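Contents: one structure, followed by commentary.
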Amino acid sequence: MHKPIDECFVNGERFFKWASKASHRSGDHRRDDCSVNLFIDPNGHILYWRKKGYEEEISWDHLFIESIVDVRVGKFAETTYISSQPDLYSQLMTVVTNRDFVHPQYFTFMHKSSAETLKKWADFLFDLSQRRRKEYHGVEFYLLKHLAPLRYPPIPNDIPLASLVRALMPHESSATISQLTKVLLNSPFFNKKEMISKEKLTDDLLMDMFVYVNQRPELSDVFLKLADTKGDNSEPCISRKKFGSFLNSKQRDPRLNEVLHPPPNPKQIDHLMRKYSKSSDSLCFSGFLRFLLSDYCPDLDAKSMFCDKESLHSSLSHYYISCSHNTYLIGAQIVQAKHISTIKHDVTASDVEIYRQTLLSGCRCIELDCWDGADGEPIITHGPMEVTFINSVSFKDVVEAIDECAFKTSPLPVLLSIENHCTVPQQRKMAHYFKTIFGEKLLDEPLREYPLDESVPLPSPWDLRHKILIKAKKPTVKKHFDENMTIGSVGSKGSVASLFQQSLGLHSPAQRRRRKLEFLPSDSGISVISDSSKPDSMGGGSDTDSLSGETDGEGIKSLVEDGDGEDRKRFQLLLERSNKETSPLSLNGGSPLAVAANKNSPLHKTAMAPLDRKISLEITSEQFKKQLKPVQEVETVASELAALVNYLQSKPSAKFDIFDESDKRYFVMHSFSEDAIHKYVMKGRESAAQFTRHTVRQLARVYPSGMRYASTNFNPVVCWMVGCQMTAMNYQTNGLQMQLHETMFEYNGRTGYVLKPRCLLDLSQKFDPRATSLHNVMPETLQISILSGQMLSSLNPNKCLSTYVLVDLYDLIRDTTRNKFRTRTVKRNGWNPVYFDKTLDMPFRFDKIIKPECAFLHIRLMDADNDTELAQRLLPIDKLKRGYRHIILRTAANKPAGPACIFVYINIHFFIFDTQRDLHAAFMDPLKASAKMEQIAVDLTDPFSADNARCEETESEDEFNVSEMVGSGGVAQPTKNHPKLPKSPVKRIEDKFRRWMGFRK
């Protein structure tokens, strides 16, 4: 089923491998810089290399093709440790892998003799890895991948039995391993030899060996119900006819149209029988198991997840768009988050590489927080740096990284969300870099077919292929103030303290009361900017896409008036003490925030005491001069930058009126905090319906709350259910929310654009996310049995596992189900734990899934010892495949963890009320229903002349034979030739009616 790997890659090529960064740090790079032979295995599972050491010993290493996210050549290759030799850049190839977005690894190879050979390897590796990412495979694929490092590297020539068993069953109990070793040693595969030649260990032999040792009691019952037993001691087998019936009745999705998706024909059935059985007429248990492990039975159908080009021609507002929040960060939002959050990150910093990682994953909307840098060069950071203590990266470097990776994995448009804090000269520098680096990729003018006029819809993703769009504000009014205005004289219109307040996400009075953070009084010349367009600055995003919002000038007195009695006392004390400070307001005497932030200041102790945190902010006025600018520059957008904004003109969300439909400018968009969206959803049916109508025509972006200091994520399903196109996620944080986001954008070939369900695009209907039914949406019923787990040992390298499984559902509010369905716990068995007992357990049933499209089933494998999640899998309901399936598990970062899997039986069909089942059956098979009605009419007209032969065939369960006494014991024995006792016509008609109407006696 897979395209074979070209022989030139299987036979290998000579390269020079540069040492890793870690080797250079430890000083081992001279030993690790070496010539290697580079290979790809015949199945395309691993890239491995062989090197010859100083003492003629041969060593090797490898990486999995599926883990490759990028292959870079030339100046984009990893050149950190050979920067002194730029003439070598054209000979370099860097293979990039990752375990999540913030932990990339680099493997750099050099080919001196041929640039053509280097490019050939780079292109092939990247294309192969991208195919692997978009495919869905059975257990057989992942088992062969898991064992590839044991089979293909050049040493040793023979494989020990112990190594094979350890690869299959890592960390199982010694008794289990000994038992498996004994079984294999006495099997025909090893013939009591403890070694096996690599040449003999073919794919088929390896799978036969796996089936031989894999006892599947939960599957044996299924097989025996289908198999024919001949009465002798021969092995039971499934006939071709019954196997075809199994494929059509158990494995085929009843939701599919038989014309567009015909059932397997006899030719296809014969092909499967020949592939998995020695005979084309029957299928034994080992062949049946291999069929269920193969790519013929994947958990999802790759064809249904491929990019559908026909679905990419609607307006941009009709799509969910993969979106990142504060893309430059690889940790928490502020360094101090480690003191106030249980979620820990390895490092909190800005980084250029994560822009590449997010774009390569299919993300189509990324964020750039732009600030003034030294020497007139803009930078990207989470500022002000004096508060967040986060490093900066070059704006130009980020733009070059975007240009390199923007369309490597998806041709659809990339949206740049600009949060602009730069002065006009550096904004001009930004515009210059956009134009010169992006070139024709930059959409600097609207398309001729889609002018920026009222009631003109947005262009489609297909129209904008290979284009980069800028999202920012276009200013309408410029405010002019004295350029010589000092920070201290800004008064109520600008404030150093306001920057500190914004950096902590404290904008509204309710937020300030909640955080208990006080500042100096307004008459001291320092006040709080209350920017209605920035409800959550730490959430990064709202509408700070322009330089600044307007200020209300209310000052700190509003804090006292809004506070409780304790607040007033504390602020009064602050007022008295601030008056006693030596020049706390002048620039010469130090910044007021520096005074308040100084640990040794009594003002700091009073103002910061309620926080009860260990935050050290040593800030000087000179540092703030670099980022706090006169109002004239802060509120002015450079015309060169404003000219680049067209279809993504951002407006303040505070001015957004959900019931005002007078604005017909579809190119205007708004950004909302997650709290605002929850308010629209929960406020009432009218507000939710109206917001959904708004998102049919205009774009909406949702960003995390400012209180998410540790870069946690919100649940994107709540936003999707009211049509929000962009849910900005912190890609650096793994978890359920990010898993939902990534699973959603597996649709449409991971291109980053997914067409919204039709119910969210119908302006004639009022969509209610709390409804129990939706107009023109067919709900579905899902029944799932968690039968067993397979090869779970590889998920935890430290112990023998005790596990159970949880099953959840994410859809609309009414049918979302969490922590309701749980299997039994299986102790100390990571090889093949059986969770389902048919005598005691019932399938998990979701009676009515209201909106199957963009609803998700979540299967979670839990460690019973500490109730932590070992692995998980999210599956889209509308893409589920019916029947017996092995669900390949994934890691917390949503990477495949195969061959570890959960074996399930899925039965899914359209929801039917009990009173309408007969009517539904008639619609599903009208010919059969018509034949039944005709037969009923015939039998009612002349019941005594009914066809006895047909009745006898269809009522075989009610027939009996007259017994014949044989032998002295008088035991009744059935005989085939004895005449049958006929039923009365009335009884026969009565039984027919019962059967036709779905009743049983």
Show me, for segment 350-358, the HN-Hα J-couplings you get by feeding each phi into the Karplus relation (A = 6.51, B = -1.76, C = 1.60, θ = phi - 60°), rounded to Hz, glycine and proline as x. 8, 8, 6, 4, 5, 4, 5, 4, 5
With a 1.4 Å probe and all protein chains in place, put 703, 296 in order of accessible area, largest first. 296, 703
Give me the dipole magnitude in Debye, nearest 20, for segment 650-731 about the Cα centre, with unit charges on the beta carbon: positive for Lys and Arg, negative for Asp and Glu. 120
Convert each backbone phi in segment 314-327 into a coupling constant with the Karplus relation 6.51 cos²θ - 1.76 cosθ + 1.60 (shift: θ = phi - 60°), then list the ³J(HN,Hα) values in order as whole Hz, x for Gly and Pro. 8, 4, 4, 6, 8, 10, 6, 10, 5, 9, 10, 10, 6, 4
Could you list the trypsin sites (Lys or Arg not before Pro) in segment 766-836 that lie in coil according to DSSP, counting only those with at most 16 other Cβ atoms within 10 Å of their Cβ? 766, 770, 799, 814, 824, 827, 828
Pull out the extension gain between residue 313 and residue 435, defined as 0.36 nm times the separation in residues minus the alpha carbon to alpha carbon distance; nm, one decimal. 41.2 nm
Amide H neighbours of residue 725 at under 5 Å, excluding residues fewer than 5 places away on the same chain, with H built from the backbone geometry, are 700
Could you put 919, 809 in order of accessible surface area, largest first, with the 1.4 Å probe and the full protein assembly present? 919, 809
Tell me, in nm to one decimal, what length is gained between residue 186 and residue 261 on full extension, where the rule is 0.36 nm per residue of separation less the Cα-Cα distance? 22.4 nm
Note down the nm distance, to one decimal, between modelled labels 7 Å out along Cα→Cβ at residue 271 and at residue 377. 5.8
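Can you give the relative contact order of segment 340-404 as a percent, counting alpha carbon pairs under 8 Å and 6+ residues apart?
35
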Which entries of 119/309; 17/51; 250/879 show an alpha-carbon separation above 20 angstrom in the structure shown? 119/309
The simple spin-label model distance between residue 802 and residue 117, using points 7 Å out along Cα→Cβ, in nm, is 5.7
Taking segment 155-243, which GluC sites (Glu not before Pro) meet the DSSP loop condition and have no more than 11 other C-beta atoms within 10 Å? 199
Nearest-20 debye value, segment 245-397 charge dipole, Cβ charges on Lys, Arg, Asp, Glu: 1160
Surface per residue (accessible, 1.4 Å probe) for segment 202-326, Å²: 50
Amide H neighbours of residue 870 at under 5 Å, excluding residues fewer than 5 places away on the same chain, with H built from the backbone geometry, are 861, 862, 863
Rounded to the nearest 0.05, what FRET efficiency do residue 3 and residue 33 have when you use their Cβ-Cβ distance and R0 = 25 Å? 0.15
What is the set of long-range amide H partners of residue 903 at a cut-off below 5 Å, with H atoms built 1.01 Å from backbone N? 787, 788, 789, 790, 887
Segment 710-716 - phi-based ³J(HN,Hα) in whole Hz, Karplus 6.51/-1.76/1.60, Gly and Pro as x: 8, 6, 6, 10, 9, 6, x
Which of the chymotrypsin sites (Phe, Trp or Tyr not before Pro) across segment 842-931 are loop residues per DSSP, with 14 or fewer other Cβ within 10 Å? 913
Heavy atoms of the protein only, probe of 1.4 Å, neighbouring chains included. What is the accessible area of residue 311 in Å², nearest 10? 20
Separation in nanometres of the label points that stand 7 Å from Cα toward Cβ, at residue 940 and residue 915: 2.1
Estimated D of segment 656-695 in µm² per second, where Rh is the Kirkwood radius over Cα pairs and Stokes-Einstein applies at 10 °C, 1.306 mPa s: 147
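The values are calculated or read from the model by the stated rules, or taken from the named source; none is laboratory data. Since the model is a prediction, treat every value here as computed from it, not as a measurement. All Cβ positions, even for glycine, are placed from backbone atoms using ideal geometry, and neighbour counts span all protein chains on display. The area values use the complete protein model at the heavy-atom level, side chains included, leaving out ligands, DNA and RNA. Shrake-Rupley method; radii C 1.70, N 1.55, O 1.52, S 1.80 Å.
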